[in-house]
Amino acid sequence: MVRLGFDSFHVVGHDRGARVGHRMALDHPDRVRTLTFLDVVPSQAAFDKMDKDLSFARFTEI
């Protein structure tokens with residue numbers, strides 16, 4: 001963003017991009033002015049609830 005001429009900026013992240021934006025905000029709090037997340041499941045909650053059936057459920061829908 002600095003190369004594009006922006007010293008600070010707003011970030012919007014969807015799904016995995018939300019996690020990338022979160023990491024960016026943690027690493028560069030002086031540059032990220034605001035952060036908006038869309039459609040992201042908290043990682044720890046997803047890992048805690050994951051089992052074999054849930055992990056394969058998406059593939060049986062196709």
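The values are calculated or read from the model by the stated rules, or taken from the named source; none is laboratory data. Since we're looking at a predicted model, the values are computed, not measured. We place every Cβ from the backbone using ideal geometry, glycine too, and count neighbours over all the protein chains shown.
Annotations
For (1) at pLDDT below 90; (2) not β-branched (Val, Ile, Thr), each residue gets a yes or a no:
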| site | (1), (2) |
| --- | --- |
| 13 | no, yes |
| 17 | no, yes |
| 40 | yes, no |
| 48 | yes, yes |
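- Residues in the range 16-32 that are surrounded by 12 or more Cβ atoms within 10 Å (Cβ to Cβ) and within 14 Å of residue 1 (Cβ to Cβ): 20, 21, 24, 25, 28, 31, 32.
- Test: residue 12 is under 11 Å from the mean Cα position of the chain (by Cα) and surrounded by 11 or more Cβ atoms within 10 Å (Cβ to Cβ): yes
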